[in-house]
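A.B. asks: What follows is a single structure, and I will ask about it in a moment.
The values are calculated or read from the model by the stated rules, or taken from the named source; none is laboratory data. Every value quoted in this text rests on a predicted model; they were computed, and no experiment measured them. Positions of Cβ are generated from backbone atoms using ideal geometry, with glycine treated the same way; all protein chains shown enter the neighbour counts.
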Amino acid sequence: MKIKKTYGRQVTAHGYTPFHERKPHTEEVNLKLDRIGNIIREARLNQGLTQEELAELVDVTPAYIGHIERNQRSFSLQTLVRLVTELDIDMNYLFSEDVATDDEKIIVDFKQLISGKPLHTKEAVLDIVRTALKYL
């Protein structure tokens, strides 16, 4: 199979488009990175972790965690995987295009609060919530 060189042009369904005419996607990427940093911060706080504690769990510096949460530094895929694993964040939620509703945020927060707890503790929390809802 012979590969055709495009010399700085993008092949599209309608022919070639010079790269200088392509629209940058920088804003869209930055918005997603802002969202990822916010989700990481919320998950860390919901689990009662400090930046220092999370940094130790994922083998980075506390300052680096702060930079990620404030979108001041990029991060590797390996670091992202370690963060979402330690914080029990669903990758689908992390990269979803839709902004979560208030109900969805509460559910995610609740899941993060009880993640890693023994089953009997999770069941006890659920019973407490059910009882509380009867009186609200």
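One line per residue, one yes/no per condition, for (1) at pLDDT below 85; (2) exposed (fewer than 14 other Cβ atoms within 10 Å of the Cβ); (3) outside the structural domain of R35 (by TED's automatic domain parsing):
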{"residue": "V58", "(1), (2), (3)": "no, no, no"}
{"residue": "L77", "(1), (2), (3)": "no, yes, no"}
{"residue": "I89", "(1), (2), (3)": "no, no, no"}
{"residue": "I107", "(1), (2), (3)": "yes, yes, yes"}
{"residue": "D127", "(1), (2), (3)": "no, yes, yes"}
{"residue": "L133", "(1), (2), (3)": "no, yes, yes"}
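A.B. asks: Still on this structure: Enumerate the helices (runs of 4 or more DSSP H) found wholly within the stretch 54-136, keeping only those where 1 or more residues are closer than 19 Å to N38 by Cβ and in contact (Cβ under 8 Å) with a residue 12 or more places away in the chain. Full working, then the answer.
C.D. replies: Values: elements: 62-69, 77-87, 91-95, 102-114, 119-134.
Fully inside the stretch 54-136 and qualifying: 62-69, 77-87, 91-95, 102-114.
A.B. asks: Taking T6 as the residue in question, decide whether it is surrounded by fewer than 15 Cβ atoms within 10 Å (Cβ to Cβ), at negative phi and modelled with pLDDT of 55 or more.
C.D. replies: On the way: surrounded by fewer than 15 Cβ atoms within 10 Å (Cβ to Cβ): yes; at negative phi: yes; modelled with pLDDT of 55 or more: no.
No, not satisfied.
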